[in-house]
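The values are calculated or read from the model by the stated rules, or taken from the named source; none is laboratory data. The model shown is predicted, which means the values in this text are computed figures rather than measured ones. Virtual Cβ from ideal backbone geometry, glycine too; neighbours counted across all protein chains shown. The area values use the complete protein model at the heavy-atom level, side chains included, leaving out ligands, DNA and RNA. Shrake-Rupley method; radii C 1.70, N 1.55, O 1.52, S 1.80 Å.
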Amino acid sequence: YKKDEMNERLTQDLKDVTSENDLLRVLRQFRNREITRIIWRDFNRESDLEETTFDMTSLAETSIRNALDFLYHSACEVSGTPSDLNGKPQKMVVLGMGKLGGWELNVSSDIDLIFAYPEQGETNGSQCSLSNEEFFVRLSQRLIKSLDAKTDDGFVFRVDMRLRPYGQGGNLILSFAAMEEYYQT
């Protein structure tokens with residue numbers, strides 16, 4: 001089972017998704033199918049620990065990437081595309097820390113995330129522009145909800161944001177320059 005195959009299956013499952021509620025449902029149903037497969041293989045000794053943690057981490061990475069893509073495009077339709085001062089579009093970066101960053105997730109792991117965006121600017125293509133920071137804060141909140149919120153279908157992964165710069169008291173997302181300053185000092 002390859003990571004690309006998992007991503008292709010989730011991409012296929014998401015092709016007809018048109019709302020955030022649909023996104024939450026599809027992500028959870030996909031996670032439930034994949035976790036059943038991963039646990040069954042582990043329980044029946046068809047995979048070793050390394051393969052199990054690889055599959056769990058692939059599941060997290062695939063879920064994050066696809067949820068973020070859907071939510072980013074949805075947010076751009078409403079608020080415009082976040083751009084730097086030269087008009088170049090910007091995207092958010094999600095950093096996996098802890099077991100996610102080390103490709104060591106197990107079936108009960110939460111995911112530790114840090115969010116960053118390239119630079120200050122504002123959204124273009126909407127009647128009401130937002131600062132890039134505000135756009136990405138809202139996007140971050142929606143991404144966390146898409147993974148962490150409990151619905152009738154369960155949850156995808158528990159999300160832990162305490163490893164971000166300045167911990168729980170810090171901003172949910174920082175620009176690359178602010179991240180660099182934090183880590184240098």
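Could you please find all residues in the range 161-174 being out of contact with any Phe, Trp or Tyr (no Cβ under 6 Å at 6 or more places or on another chain) and either on the phi < 0 side of the Ramachandran plot or of a type in the set (Ser, Thr, Tyr) (or both)? Full working, then the answer.
From the range 161-174, those out of contact with any Phe, Trp or Tyr (no Cβ under 6 Å at 6 or more places or on another chain) are 161-164, 166-172, 174; that's our starting set.
161, 162, 163, 164, 166, 168, 169, 170, 171, 172, 174, listed by residue number.
Do the conditions hold for residue 13, that is, is it modelled with pLDDT under 95, part of a helix (DSSP H, G or I) and surrounded by fewer than 20 Cβ atoms within 10 Å (Cβ to Cβ)? Steps first, answer last, please.
Working: modelled with pLDDT under 95: no; part of a helix (DSSP H, G or I): yes; surrounded by fewer than 20 Cβ atoms within 10 Å (Cβ to Cβ): yes.
Answer is no for this residue.
State whether the residues of the range 19-37 include one that is part of a strand (DSSP E or B), open to solvent by less than 10 Å² (accessible area, probe 1.4 Å) and either touching a Leu at 6+ places or on another chain (Cβ under 8 Å) or not basic (Lys, Arg) (or both). Quick ask: steps written out before the conclusion?
Restricting attention to the range 19-37, the residues satisfying the condition of being part of a strand (DSSP E or B) are none.
No.
Looking at (1) closer than 17 Å to residue 155 by Cβ; (2) hydroxyl-bearing (Ser, Thr, Tyr); (3) modelled with pLDDT under 95, can you tell me which one residue 1 breaks?
Looking at each condition in turn, residue 1 falls short on (1).
Given the residues 121, 87, 125, 80, which is the only one that is touching a Pro at 6+ places or on another chain (Cβ under 7 Å), over 30 Å from residue 59 (Cβ atoms) and of a type outside the set (S, T, N, Q)? Give the steps one after another, and end with the answer.
Values: 87 fails: touching a Pro at 6+ places or on another chain (Cβ under 7 Å); 125 fails: touching a Pro at 6+ places or on another chain (Cβ under 7 Å); 80 fails: touching a Pro at 6+ places or on another chain (Cβ under 7 Å).
From the options 121, 87, 125, 80, the qualifying one is 121.
Need a quick list: strands (runs of 3 or more DSSP E) entirely within the range 68-183 having at least 2 residues that are open to solvent by 50 Å² or more (accessible area, probe 1.4 Å) and over 29 Å from residue 18 (Cβ atoms). Steps first, please.
Values: elements: 81-83, 93-97, 111-117, 122-124, 173-175.
Result: 93-97.
Look at the range 38-49 and say how many of its residues are open to solvent by less than 50 Å² (accessible area, probe 1.4 Å) and of a type outside the set (Gly, Ala, Ser). Before you say what the answer is, go through the steps one by one.
Step one: of the range 38-49, the residues open to solvent by less than 50 Å² (accessible area, probe 1.4 Å) are 38, 47.
Next cut, of a type outside the set (Gly, Ala, Ser) only: 38.
Adding up the residues that qualify gives 1.
Kindly evaluate residue 65 against the criterion of being among the basic types (Lys, Arg), modelled with pLDDT of 95 or more, over 18 Å from the mean Cα position of the chain (by Cα) and open to solvent by 50 Å² or more (accessible area, probe 1.4 Å).
Values: among the basic types (Lys, Arg): yes; modelled with pLDDT of 95 or more: yes; over 18 Å from the mean Cα position of the chain (by Cα): no; open to solvent by 50 Å² or more (accessible area, probe 1.4 Å): yes.
Taking the combined requirement at face value, the residue does not satisfy it.
Is it the case, given these coordinates, that residue 95 is without any contact (Cβ under 8 Å) to a residue 40 or more places away in the chain and either within 21 Å of residue 30 (Cβ to Cβ) or in contact with a strand residue (DSSP E or B) (Cβ under 7 Å, 6 or more places away or on another chain) (or both)?
Values: without any contact (Cβ under 8 Å) to a residue 40 or more places away in the chain: yes; either within 21 Å of residue 30 (Cβ to Cβ) or in contact with a strand residue (DSSP E or B) (Cβ under 7 Å, 6 or more places away or on another chain) (or both): yes.
For residue 95, the condition - without any contact (Cβ under 8 Å) to a residue 40 or more places away in the chain and either within 21 Å of residue 30 (Cβ to Cβ) or in contact with a strand residue (DSSP E or B) (Cβ under 7 Å, 6 or more places away or on another chain) (or both) - is met.
Each row is one residue, and each column tells you yes or no for (1) within 12 Å of the chain's Cα centre (by Cα); (2) under 26 Å from residue 163 (Cα atoms).
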| position | (1), (2) |
| --- | --- |
| 30 | no, no |
| 55 | no, yes |
| 59 | yes, yes |
| 82 | no, yes |
| 95 | yes, yes |
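For the range 40-67, name all the residues that are farther than 26 Å from residue 19 by Cα and charged (D, E, K, R).
Passing the criteria: 41, 42, 45, 46, 48, 50, 51, 55.
Tell me which of these residue 54 doesn't satisfy, since it passes every other one: (1) out of contact with any Ser or Thr (no Cβ under 7 Å at 6 or more places or on another chain); (2) assigned to a loop (DSSP other than H, G, I, E, B); (3) under 21 Å from residue 6 (Cα atoms).
Residue 54 satisfies every listed condition except (2).
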